[in-house]
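K.L.:
Dropping the structure in here first, questions after.
The values are calculated or read from the model by the stated rules, or taken from the named source; none is laboratory data. Every value quoted in this text rests on a predicted model; they were computed, and no experiment measured them. Cβ placement follows ideal geometry from the backbone for every residue including glycine, while neighbour counts extend to all protein chains displayed. Please note that ligands, DNA and RNA were not included when accessible areas were found on the heavy atoms of the full protein model with its side chains. Shrake-Rupley method; radii C 1.70, N 1.55, O 1.52, S 1.80 Å.
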Amino acid sequence: MEEYKVTVATGTSEYSGTNNYIYVTLVGENGQSERTILDNPGLDFCRGAVSRFISSYKVCSPAPLGPLLLVRLEKQRYWVEDNWFCRYVTVEPPGGGIALTFPCYRWLIGDVKVEIREGTAKRLCEDTSPQLLAHRKAELQERQTIYRWTAWASGIPKCIDAKTEADLHQDVRFDSEKRSDFEGSLHYKLAIRFGKSWDDLEDFKRCFWKLKSPIAEYCMEHWKEDWFFGYQCLNGSNPRMIQRCKELPGNFPVSGDMVQGSLAPRTTLDKELKAGNIYLIDYAIMDGVPTNVIRGKPQYIAAPLCLLYEHPDQGLIPIAIQLGQTPGLDTPIFLPNDPPLAWLLAKIWVRHSEFQVFQLLSHLLRTHLLVEVFCVATLRQLPAVHPVYKLLAPHLRYTLEINCRGRTQLVSADGIFKRVVSTGGEGLLVLSQREYKVLTYRSLQPCWDFQQRGATTLKDYFYREHSLMLWDAIHSFVSGMISVYYQCDSDVVEDPELQTWIKDIAEEGFVDVPTFGLSNELKNKAELVTLLSVAIFTSTAQHAATNNGQFDWCAWVPNTPCTMRHPTPTDKDAVTMEMIMDSLPDVSQTCLEMAITWHLGRPQPDAVPLGQYPEQYFTEPQAQEVIDRFRKELKDIEEHILSQNQGLELPYLFLLPSRIENSITI
């Protein structure tokens, strides 16, 4: 009789354990072991348990099994149904030797059989056993019935076929603690209601007493200052809009005389344009977007153009604002030397447009919805043993559920945006469709993006510096991992599962976007490395840059209002404080904006930082070495950012690696 020692690890989250019957069978090239019930007395299958700390199980076989291929786990009900989350199984061969690890990281639900493979990553061509090939095929067939594409709306990326998060498979759902925290926090904050306009800007402090942060308080003190407006264009929640202005747009007739007072001595607008010191933020995408109606009252939007100047002493400052795309008597150009309230209201309107663009386009579309395409394609086309599946899986955690919740609770016809945001309802979809039409794959690569926007030399552009460091670290990490499993370009070309995966991404996920520029085939290692780097960078660093600071910049609502209740001003001299207060969100809208940005932007209680992999999909030493190098590089980046920010009055820490989640979970 051959005797194998088996240990089993149960998940660490609440309700991961089970009191149901668990059986194991070892499957080798030469046969199968006895079907063995794992019934040692004790708490072997309670939350977080690893059976070797209690006692290993003995699994016997009448003859040597040869190389182990699979571990078959079975769960059967005992009295009541009790689901079980298995992390991994280890098997020590007869006579001792190196134990083999079989990663699982799956829920066993109902009376079910699950077969898991040893942890070594393998491409299809490396599997020669008929049993393993059949297992690989069956796994994908099952997944393709569970995870299906659907179109939530036309003109945006496809998504998972699930009407609500309850329709998702348990393997991609929130853990119990995450679910309780998310729902409890959201419902509590959305219960805050008041119902009238504010009387004065100081009144906004009345709902600023509990939910606040150091940056939010700093914002409250400095939001009217031009340098702070410019700083947010570089390092706020939407730092990807600013672009160098080589010549003024034809629909933005700013003259040199208009802005001369804002320029440094002995220079002109023409000189500064040629020197590359003039920048533009253009919200043309907002023009004509349908507006919301909240409690029977119409809301308003604008499509501003904002000209900025990198002043040698003051930094980046706004020097001209036009609140519409068509110049004219009713669309004046606002200037810093205008009446102070007129200039302030013009900046508020720009920041209001900023809220719409960063929430719906920079955040929702360009991170959440984009990464969901990778989620669905990976689950459908790559078996768990594939190296690319193992690489991506930790960076896709929780994304399907948070996106389902976003579609049903945030941007649905009766969601939070409809209640509080000026583009809620039809407008948010129109805005997303416009952005999707012009979205390009290259714009998701930060090095190319900064060059395309002419934003490579702006001073104090911390977002640019930190994101480029993180891109380089992620790209190096991905390159190292891919080189472990793909020795040459032909290995990529001849991997049928990988080619089916990219075809699913390009033709199913990113459908009807002719300018996107992603091929439906991978022709070499470099293309694969770049694509995977885009997926991981977007799900980690880019999401952190747009999501993590939203409460900081939006909590003081006049700085980034979610809606405007009065049309844009047409006469600079007619702007009064009463007009500003009539335009800004009312008490109820203010509280909701604070609540939702706090809820979505706060650190998550079960966050897994970038580069940490509690679920160990890779078991090979070569892969572990690459992960260790990645962690070392992230540690160096962390130390650099902390050193750079030491003593700064306004630190930029949103891209600190320890504060970046490994996936989009909120």
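K.L.:
Can you pull out the residues in segment 152-164 that are farther than 16 Å from Leu439 by Cβ and either open to solvent by less than 30 Å² (accessible area, probe 1.4 Å) or aliphatic (A, V, I, L, M) (or both)?
P.N.:
Answer for segment 152-164, where residues must be farther than 16 Å from Leu439 by Cβ and either open to solvent by less than 30 Å² (accessible area, probe 1.4 Å) or aliphatic (A, V, I, L, M) (or both): Ile160, Ala162.
K.L.:
Could you tell me which residue of segment 305-316 is nearest to the chain's Cα centre (by Cα), considering only residues that are open to solvent by 10 Å² or more (accessible area, probe 1.4 Å) and under 19 Å from Asp270 (Cβ atoms)?
P.N.:
Filtering first and then ranking leaves Glu310.
K.L.:
Let me ask something else. Determine, yes or no, whether Asn292 is of a type in the set (S, T, N, Q), in contact with a helix residue (DSSP H, G or I) (Cβ under 7 Å, 6 or more places away or on another chain) and either at pLDDT below 95 or more than 22 Å from Leu201 (Cα to Cα) (or both).
P.N.:
yes
K.L.:
Check Trp343, Trp349 and return the single one that is open to solvent by 10 Å² or more (accessible area, probe 1.4 Å) and hydrophobic (A, V, I, L, M, F, W, C).
P.N.:
Trp343
K.L.:
Looking only at segment 328-381, count every residue that is farther than 19 Å from Pro569 by Cα and acidic (Asp, Glu) and tell me the total.
P.N.:
Summing the residues that are farther than 19 Å from Pro569 by Cα and acidic (Asp, Glu) in segment 328-381 gives 1.
K.L.:
Looking at (1) open to solvent by less than 10 Å² (accessible area, probe 1.4 Å); (2) farther than 22 Å from Thr563 by Cβ; (3) modelled with pLDDT under 95, find the lone condition where Phe204 falls short.
P.N.:
(2) is the only condition that Phe204 fails.
K.L.:
Here is a list of conditions, (1) at pLDDT below 95; (2) open to solvent by 60 Å² or more (accessible area, probe 1.4 Å); (3) not basic (Lys, Arg), and Asp167 meets all of them except one; can you say which number that is?
P.N.:
Against the list (1) at pLDDT below 95; (2) open to solvent by 60 Å² or more (accessible area, probe 1.4 Å); (3) not basic (Lys, Arg), Asp167 comes up short only on (1).
K.L.:
Follow-up question, since we're still on this one. If Leu522 satisfies all but one of (1) open to solvent by less than 60 Å² (accessible area, probe 1.4 Å); (2) farther than 21 Å from His475 by Cβ; (3) not in a helix (DSSP H, G or I), what's the number of the condition it fails?
P.N.:
Only one criterion is unmet by Leu522, namely (2).
K.L.:
Being in contact with a Pro (Cβ under 9 Å, 6 or more places away or on another chain) and within 20 Å of Phe450 (Cα to Cα) is the requirement here; does Leu273 meet it?
P.N.:
On the way: in contact with a Pro (Cβ under 9 Å, 6 or more places away or on another chain): no; within 20 Å of Phe450 (Cα to Cα): yes.
No, not satisfied.
K.L.:
Please specify each residue of segment 158-176 satisfying the condition of being in a loop (DSSP other than H, G, I, E, B) and β-branched (Val, Ile, Thr).
P.N.:
Thr164, the sole residue that qualifies.
K.L.:
For Val511, state whether it is under 30 Å from Ser353 (Cβ atoms), in a loop (DSSP other than H, G, I, E, B) and either open to solvent by less than 10 Å² (accessible area, probe 1.4 Å) or of a type in the set (A, V, I, L, M) (or both).
P.N.:
Spelling it out, Val511 is indeed under 30 Å from Ser353 (Cβ atoms), in a loop (DSSP other than H, G, I, E, B) and either open to solvent by less than 10 Å² (accessible area, probe 1.4 Å) or of a type in the set (A, V, I, L, M) (or both).
K.L.:
Something else now. Given the conditions (1) part of a loop (DSSP other than H, G, I, E, B); (2) within 17 Å of Ile321 (Cβ to Cβ); (3) of a type in the set (D, E, K, R); (4) out of contact with any helix residue (DSSP H, G or I) (no Cβ under 7 Å at 6 or more places or on another chain), report the number of the one that Lys224 does not fulfil.
P.N.:
(4)
K.L.:
A further question on this structure: Could you give me the residue pairs with C-beta distances under 7 Å whose first residue belongs to segment 617-637 and is more than 26 Å from Ala9 (Cβ to Cβ), whose second residue is of a type in the set (A, V, I, L, M) and assigned to a loop (DSSP other than H, G, I, E, B) wherever it lies, and which are 6+ apart or on separate chains?
P.N.:
From segment 617-637, the pairs are Leu634/Leu610.
K.L.:
Continuing with the same structure: Looking at segment 100-113, I want the residues that are touching a residue at least 12 places away in the same chain (Cβ under 8 Å) and have a partner that is in a loop (DSSP other than H, G, I, E, B) and basic (Lys, Arg) with Cβ atoms under 9 Å, at least 6 apart or on another chain. Which pairs are those?
P.N.:
Short answer, once both residue conditions are applied: Trp107/Arg173; Gly110/Arg77; Asp111/Arg77.
K.L.:
What are the pairs, 6+ residues apart or on separate chains, where a residue within segment 75-86 that is open to solvent by 50 Å² or more (accessible area, probe 1.4 Å) has its Cβ under 8 Å from a residue that is of a type in the set (Asp, Glu)?
P.N.:
Close Cβ pairs satisfying both conditions: Gln76/Asp111; Arg77/Asp111.
K.L.:
Which of (1) in a loop (DSSP other than H, G, I, E, B); (2) out of contact with any Lys or Arg (no Cβ under 8 Å at 6 or more places or on another chain); (3) of a type outside the set (Val, Ile, Thr) does Gly155 not meet, given it meets every other one?
P.N.:
Unmet condition: (2).
K.L.:
Identify, from the list Ala623, Ala595, the residue that is surrounded by 17 or more Cβ atoms within 10 Å (Cβ to Cβ) and at pLDDT 95 or above.
P.N.:
Result: Ala623 is the single residue among Ala623, Ala595 that is surrounded by 17 or more Cβ atoms within 10 Å (Cβ to Cβ) and at pLDDT 95 or above.
K.L.:
Any residue that is in a loop (DSSP other than H, G, I, E, B), of a type in the set (A, V, I, L, M) and more than 17 Å from Thr540 (Cα to Cα) - is there at least one of those in segment 369-382?
P.N.:
Narrowing segment 369-382 to residues in a loop (DSSP other than H, G, I, E, B): 382.
Subsequent filtering for residues that are of a type in the set (A, V, I, L, M) retains 382.
So of that shortlist, the ones also more than 17 Å from Thr540 (Cα to Cα) come out as 382.
Looking through segment 369-382, at least one residue is in a loop (DSSP other than H, G, I, E, B), of a type in the set (A, V, I, L, M) and more than 17 Å from Thr540 (Cα to Cα).
K.L.:
Sticking with this one: Those residues that are farther than 10 Å from Met1 by Cα, in contact (Cβ under 8 Å) with a residue 60 or more places away in the chain and assigned to a strand (DSSP E or B), I need them from segment 56-70; list them, please.
P.N.:
Scanning segment 56-70 gives Leu69, Leu70.
K.L.:
Answer yes or no as to whether Leu642 is open to solvent by 40 Å² or more (accessible area, probe 1.4 Å), without any contact (Cβ under 8 Å) to a residue 24 or more places away in the chain and either touching a Cys at 6+ places or on another chain (Cβ under 7 Å) or farther than 30 Å from Leu532 by Cβ (or both).
P.N.:
no
K.L.:
Just to be sure I understand the filter: pairs with C-beta atoms under 8 Å, separated by 6 or more residues or on different chains, first member in segment 476-488 and in contact (Cβ under 8 Å) with a residue 60 or more places away in the chain, second member open to solvent by 40 Å² or more (accessible area, probe 1.4 Å) and acidic (Asp, Glu). Which pairs pass?
P.N.:
Here the result reads Ser476/Glu633; Phe477/Glu633, each pair linking segment 476-488 to a residue that is open to solvent by 40 Å² or more (accessible area, probe 1.4 Å) and acidic (Asp, Glu).
K.L.:
Between residues in segment 255-273 that are closer than 11 Å to Tyr309 by Cα and residues that are in a loop (DSSP other than H, G, I, E, B) and open to solvent by less than 20 Å² (accessible area, probe 1.4 Å), which pairs lie under 8 Å by C-beta distance while being six or more apart or on different chains?
P.N.:
Final answer for the pair search is Val259/Leu335; Ser262/Leu335; Leu269/Val254; Leu269/Leu263; Glu272/Leu263; Leu273/Cys245.
K.L.:
Follow-up. Here are some conditions: (1) closer than 26 Å to Gln260 by Cβ; (2) touching a strand residue (DSSP E or B) at 6+ places or on another chain (Cβ under 9 Å). Tyr300 meets all but one. Which one does it not meet?
P.N.:
(1)
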